[in-house]
1. Would you be able to say whether some residue in the range A:151-166 is at pLDDT 95 or above and in a helix (DSSP H, G or I)?
2. Does any residue in the range B:91-102 that is free of Cβ contacts under 8 Å to residues at least 60 places away in the same chain and within 9 Å of chain A (Cβ to nearest Cβ) come within less than 6 Å, Cβ to Cβ, of a residue that is open to solvent by 40 Å² or more (accessible area, probe 1.4 Å) and part of a helix (DSSP H, G or I) six or more places away or on a different chain, and which pairs are these?
3. Where in the range B:147-265 are there helices (runs of 4 or more DSSP H), lying wholly inside it, with at least 2 residues that are out of contact with any Asp or Glu (no Cβ under 9 Å at 6 or more places or on another chain) and closer than 26 Å to residue B:24 by Cβ?
4. Applying the selection to the range B:68-86, what residues are touching a strand residue (DSSP E or B) at 6+ places or on another chain (Cβ under 8 Å) and acidic (Asp, Glu)?
5. Among what's in the range B:62-90 and is surrounded by 24 or more Cβ atoms within 10 Å (Cβ to Cβ) and among the hydrophobic types (A, V, I, L, M, F, W, C), pick the residue that is nearest to the other protein chains (Cβ to nearest Cβ).
6. With the condition kept exactly as written, say whether any residue in the range B:12-25 is away from every other protein chain (no Cβ under 14 Å), in contact with a helix residue (DSSP H, G or I) (Cβ under 9 Å, 6 or more places away or on another chain) and within 23 Å of residue B:92 (Cα to Cα).
7. Show the residue pairs meeting these rules: Cβ distance below 9 Å; 6+ apart or different chains; first residue within the range A:56-79 and more than 9 Å from chain B (Cβ to nearest Cβ) and open to solvent by less than 30 Å² (accessible area, probe 1.4 Å); second residue small (Gly, Ala, Ser) and not in a helix (DSSP H, G or I).
8. When the residues of the range B:14-42 are narrowed to those that are open to solvent by 10 Å² or more (accessible area, probe 1.4 Å) and in contact with a Ser or Thr (Cβ under 7 Å, 6 or more places away or on another chain), which ends up farthest from residue B:208 (Cα to Cα)?
Amino acid sequence: MTSNPLPASTCRTAGCTLTGALSVVTQVTDTVTVVHGPGGCTHHNFSLLSATALDNGRPALPPLVSTDLRETDIVFGGEEALDRTLTRVMNGNPGAIFVLSTCIVETIGDDIEKICQAQQGCPVIIVPTAGFLGGSFQAGVNNALIALAAMAESSAPNGRVNLIGEKNLEYEVEENYAEVSRLLSLLGLSVNLRFVRNITTDEIARLGAARLNVLRDPALIPVGEYLNSRFGTPYITGFPIGLSGNSSFLAEVAKTCGINGTDAVTRERAREGELLEKFHDLAGEGVFFSPLPPDPEGRIAARDLARNVGLRFSDQGNPVPVPVIPPVGLAGTERLLHRWRRAIFA
Amino acid sequence: MKQIALYGKGGIGKSTTSANLSAALSLAGHSVLQIGCDPKRDSTRMLMAGRLIPTVMDLVRERGASAVTPQDVVFTGFHGVRCVEAGGPEPGVGCAGRGIIATFQLLEKFGTLTGDIIVYDVLGDVVCGGFAMPMREGYAQEVYLVTSGELMSLYAANNICKAIQRLAARPKSRCRIAGVICNAKNMPREEELVAEFARRVNSHLIQYIPRDRTVQLAELDRKTVIEYDPASEQAQRYRDLAARVMENSRLTIPTPLEIDDLESLARQYV
């Protein structure tokens, strides 16, 4: 059980299991998601998802429907409410319907599978999301990705690369995508499928065609393993993190795909040096991290970066922010260094 | 106003005891409300001449809570005893515990929980917070355990002691054990065993009710024993129980037994 209430420990990607799963399934644009539970479970997620879409410059209302359970449904069972809602949603001819369970319907024991199996018209996919069963935001993401992957069939290999589990609720999701795409292109690789960001159900069919899956971070290893067992696709465990992340990412991708990446790695190392040079004015300045990020990987990356640019750690120094989610690649690192510079010379 | 709850193992005779107790209390001049807290809804049947009255939960399901009135759920039975059945879902779906909570909230809103005495007839065992509702703040403050000398019913009674002990620890709680009713199977030394069990859990045997054919005959006639054969010895037992319940002021926090102790206790009386 998480018991750290500090604001530093909170971020958009630390909500409940339902939020994690919704951050995935609502990115399949031709589908509708039914949240089987009280209205509030849907409402606060709807608000978060629409606000995030707005922040990321793509205003869109998430296709979410609640079965809106009331006390009588809890006492007598919510299966009728689910059946009614699914029938109504089915009339809109979606590409698929996702059914997400909530804590309360798992408590009262609704037979969700029976109700979903009885529906005809489009695929109805159940994603287990009752957080009280021990699930976290990440469990919701993983469960949703695995449930969606089950829709894909084996297809002919196309030599491209899947990005698995991008953090759709982070501000920098598109910038991070651009950075990873750029790195892949240095090795002559291109993106096959963003699984899952802004895709349709038809596009899921090519999930198994990729030669490599790049997981967004190591928490997605169960998804990587699942895809490996389904399609035989190898995976690497994360996006490039921190200053030297790009060169090591390139080396790992090249090795996994059997490509000679020496030139690309050499060029990227040179760019790392150039970046440090751009921020040489920070050398010798005293700083401390405020707030300290809870994620050890983020702390290590931030400390390494600070040392590399010559910052001194000092309680009397300037407080500099460290994002909860570590910066991706050189682009993310440069963004962070700009923030530090503003904080130090403000 | 007294508020009492009868708890005990399924099939031990809580509804029979409750209905006869309510009938006797009413004849003694008290204003009585009996609330059946079980989806089976058979608590008040003998007070209603065999009629299964509509339950609070059925009406809430059919009409919605806002369309239910006190007149829809409170029925007057034998000698003016007011009867309510909580009801609940079909077996195997939903949450009957939440149904009990919803019923209590509705009855409280109606102002129904009045009278000289309210008898809460609760289902077999305390399986979740919903079924502990009658024990919670402001509701039943006096819990009577109905048990025979059989080990399984003593197990259930002992479990309920655990629930009372737990709930009694809450700052606002007034829930206490008020006594043990022995609804006998007519085993040898049964009264002694149940009396000793009561003493060991820091309570007392308030009434011994022997097994009597009159109960079955009365039920076949869809009546309480009090109504069916008021002159019978069994009817007198229930009247005695009613008198003792009204007089009883010995409310304690129980001390449940360990299972091994309970079993060795039962073994002593075999």
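1. Checked against the condition, which is being at pLDDT 95 or above and in a helix (DSSP H, G or I), the range A:151-166 yields no hits at all.
2. Note: pairs meeting the criteria are B:102/A:71.
3. Output list reads B:151-168, B:190-200, B:213-220, B:233-247.
4. Within the range B:68-86, the first condition is being touching a strand residue (DSSP E or B) at 6+ places or on another chain (Cβ under 8 Å), and the residues that meet it are B:73-77, B:80-86.
Within the range B:68-86, B:85 is the sole residue that qualifies.
5. Residue satisfying both the conditions and the ranking: B:86.
6. Yes, the conditions are met somewhere in the range B:12-25.
7. Taking only residues 6 or more apart or on different chains, the pairs are A:66/A:37; A:67/A:37; A:67/A:78; A:69/A:37; A:69/A:78.
8. B:41
The values are calculated or read from the model by the stated rules, or taken from the named source; none is laboratory data. Everything quoted here is computed from the prediction, not taken from an experiment. Every residue, glycine as well, gets a Cβ built from its backbone with ideal geometry; the counts of neighbours run over all protein chains shown. Only protein heavy atoms, including side chains, enter the accessible area calculation; ligands, DNA and RNA are left aside. Shrake-Rupley method; radii C 1.70, N 1.55, O 1.52, S 1.80 Å.
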